[in-house]
Each structure stands twice: as C-alpha cells, then as structure tokens.
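The structure under discussion appears below in the form of structure tokens.
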Amino acid sequence: MGIPEKIKAIQDEMARTQINKATEKHLGLLKAKIAKLKREQEDDVTKKSGMKQDGFDVRRSGDATVVFIGLPSVGKSTLLNKMTGANSTIGAFQFTTLTVVPGMMEYRGAKIQVLDLPGIIKGASTGKGLGKRILSVARTADLVLLVLDVFQPYHEDVLVNELGNIGIRLNQLPPNLTIEKASMGGIAIAQQVKLTKITEDHLKDILHLYGIVSARVVVREDVSSEQLADHIAGNISYSKALTILNKIDLVDKEFLENLKTKIKSDVIEVSANSDINIEVLKEKIYEKLKFIRIYLRPKGGETDFKEPFIARESDTVEDICNKLHRRLKREFRYGLVWGKSVKFGGQRVGLNHILLDEDVLTIIKKRGT
C-alpha cells in the first residue's frame, strides 16, 4: 500500500469514528499519522525528482514582500495593477498569469513588494497545475493575501487547505514547547500549563510515532496533537494572512451582508475594477506587517523627516544597525533617541533598546571608525 492509499485509509477510519471524549485520543493519533505520512510523501516526491522543492525564482526587494494566492480569475492581476501600477496581464479567462509578476507598492514611506502569482486549483499541493511552485513562494513571504471572488467565497477553505498541505499555517504562532532528545531515560514531560487538548499519554504516543523514545519535553502552552506533530516535523512555516473579497461592485449590500456570515475570516471588501476600498486594503496590509517609522539624525545634523527608515514592531537599535550596514554593529558606541520609547529627548541607549513608531535615532560610532 502506497502513501496516498495509507492516507485515504486513515481518513476513512476518521470519518467512521464518532467524535466524543472517548475517541479524542484515537482521532488525535490518526491526525498525527496523516501529518507524518504527508511529510514522507513530500520528501519522496522531492527525492524522485532529483531536485530541490520547486519554486519560482523571485528576487526580493523593498521593506516586505506580500503575495496574492487565489484561484484563477479572481482579479489578482487587476488588484496588483491598482495597488502598484505594475503591468500584469489582465484577461477575462483563466490562467492569464503564468509566471510571477512583481510590483512595488509605496505607502506611508514603506516600499512593499507585491507578487501576483498564477491562480491555483484544488490539488495544487500535490502538484496539479503549477501548484507546488506557486504555493512555495508563500513560504518566505511576509504576508499572504487570500483573494476570493464574491461569487465563490467558499474557496477560502480550498486555499487554506492547499497551503496547509505543504506546511504553511496562516495566522498562527509556533507552539511554545521544547523537545530535547536524550539517549536514555524515556520521555519526561514538564507542564508549565495545564493540558486540555492532549493528555500526557497521547503526547508520548505521538513522540513514539515519530521515533522519539527518550526526551525531555517542556510544554509552555496548551497544544493540540496537530501542533505537536507540526513542531516535531520541523518544516512548518507560520505566515500572516489577510482575506480579500473582490468584485463587490457586482452585488448589492444585502447580498454582501449575507455572504459575510458564511466566510470564516474577517474580510476586506474591495473592487479592483471599480477602485473601491483600494486605499483601505493598503492600510490593512501596512498594519498587518506591523511597520514602524524611524527618523534618522546624523551626529550634529538635522533629522530626515522626509524619508523615514522603515522597521518592524519590536525592532531594537541593533536591528536598525544590521539593516543599515553590516559593519555598523561592530562600530556602534551608543545611540541617542528622541520619542515615545524614551523618558526624555536625547536619551542615551544601547543596542537592546526597543524603538517605537516615529522615534528619532542618532547612532554614535566608536572613536576612530
């Protein structure tokens, strides 16, 4: 029996199993087995092809990269053109875009690279169409934009599932646990929180499934069997995402309100053709990327308020140094900061100081550098 048949057999067993307290552990173990088989299937395909995982070769630029993921003909190319002025081919037929088309969106001082990808189809994660190549681009993107047609909103589940099948989790954080393998001693579990989604015995069973028989496990949050399997697999990407509902100009308000009750996510309602809510979409993207603006002031000079340096929320002075020049951290003596992150203007700070939006920063180098 091949891997696809094994997965199908487990899925059939899950469908026959009633969901209740007594079957939770069994169902959780079955889900972990499916996750393991899918990883093995992915590795097997990669080995047989003799190549690294397929992916479009895209040169990244700007302060962040976002990608459009959607089925064919949902309006991704028109959206790209409205947001960036890029020249992505537009046509009222499927599969107009057959390669990655980049554009640059400039908003509130940030330069955000937007990638228009070919439309995916159901089964893309198993290689149908250009599926794997398309989905792989999302792994390294800072933000995934799921684009839905107002007449086909149920496709959100298709997109989330296809991304999930190649190990991309949307709007989730990695589970907060540590697994340290040991040569002997069995599995020791230290719970810093009470586990309600999984029992200790179930946790041990999943570790055994992956060949881990001795380890020290520290659990800092209540995790599920799927999160545990993801953590053990180690090749999972966690991406931010926004869901966009396009072509709202083709329906009335009542239709739209009824439709929104059937979509799981909060959606941003737009019309690329009629230029509706494009600026709202830009603002939502900016907010989701958690940008902050840092104004640089050279020693003895004037602050450059015209072109802010774009950083991310929780960035430190050290992060700014690393982004400005690779040698700057070694030459750093101290920083001077004016703004919300300090108690008084011109406060002296070190590399670990966390900056806030619209702070002014002066970097003082070591003497002789």
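The values are calculated or read from the model by the stated rules, or taken from the named source; none is laboratory data. Keep in mind that this is a model prediction, so the values were computed, not measured. Neighbour counts run over all protein chains shown; Cβ positions are idealised from the backbone, glycine included.
Exactly one residue among A215, A182, A190 is of a type outside the set (D, E, K, R), exposed (fewer than 13 other Cβ atoms within 10 Å of the Cβ), touching a strand residue (DSSP E or B) at 6+ places or on another chain (Cβ under 9 Å) and not assigned by TED's automatic domain parsing to the domain that holds V270, and that residue is A190. Taking Y210 as the residue in question, decide whether it is touching a residue at least 60 places away in the same chain (Cβ under 8 Å), closer than 30 Å to V280 by Cβ and surrounded by fewer than 17 Cβ atoms within 10 Å (Cβ to Cβ). Taking the combined requirement at face value, the residue does not satisfy it. Quick one: would you say L207 is at pLDDT 85 or above, among the hydrophobic types (A, V, I, L, M, F, W, C) and over 23 Å from the mean Cα position of the chain (by Cα)? Taking the combined requirement at face value, the residue satisfies it. In segment 226-238, the condition of being assigned to a loop (DSSP other than H, G, I, E, B), of a type outside the set (S, T, N, Q), crowded, with 17+ Cβ neighbours inside 10 Å and modelled with pLDDT of 90 or more is met by no residue.
Does segment 193-207 hold any residues that are among the acidic types (D, E) and surrounded by 13 or more Cβ atoms within 10 Å (Cβ to Cβ), and which are they?
E200, D205
Evaluating S274 against the criteria (1) of a type outside the set (F, W, Y); (2) touching a residue at least 12 places away in the same chain (Cβ under 8 Å); (3) under 20 Å from I69 (Cβ atoms) leaves one unmet condition, (3).
If you scan segment 110-148, which residues turn out to be part of a loop (DSSP other than H, G, I, E, B) and either modelled with pLDDT under 80 or touching an Asp or Glu at 6+ places or on another chain (Cβ under 7 Å) (or both)?
P118, G119, I120, I121, K122, G123, G127, K128, G129, L130
Out of all the residues in segment 322-340, which are in contact with a His (Cβ under 9 Å, 6 or more places away or on another chain) and among the charged types (D, E, K, R)? Passing the criteria: only E331.
Return the residues of segment 164-185 that are outside any strand (DSSP E or B), closer than 25 Å to A272 by Cβ and in contact with a helix residue (DSSP H, G or I) (Cβ under 6 Å, 6 or more places away or on another chain); say none if nothing qualifies.
So the first thing to find is which residues in segment 164-185 are outside any strand (DSSP E or B), and the list is 164-167, 171-176, 182-185.
Now drop any that are not closer than 25 Å to A272 by Cβ, which leaves 171.
None; the set is empty.
Candidates are the residues of segment 239-266 that are exposed (fewer than 13 other Cβ atoms within 10 Å of the Cβ) and under 20 Å from the mean Cα position of the chain (by Cα); the one that is modelled with the highest pLDDT is D266. If the condition is being acidic (D, E) and either buried (at least 18 other Cβ atoms within 10 Å of the Cβ) or in contact with a Gly (Cβ under 9 Å, 6 or more places away or on another chain) (or both), then segment 329-369 contributes D357, E358, D359.
Out of curiosity, is E269 under 27 Å from the mean Cα position of the chain (by Cα) and of a type in the set (D, E, K, R)?
It is true that E269 is under 27 Å from the mean Cα position of the chain (by Cα) and of a type in the set (D, E, K, R).
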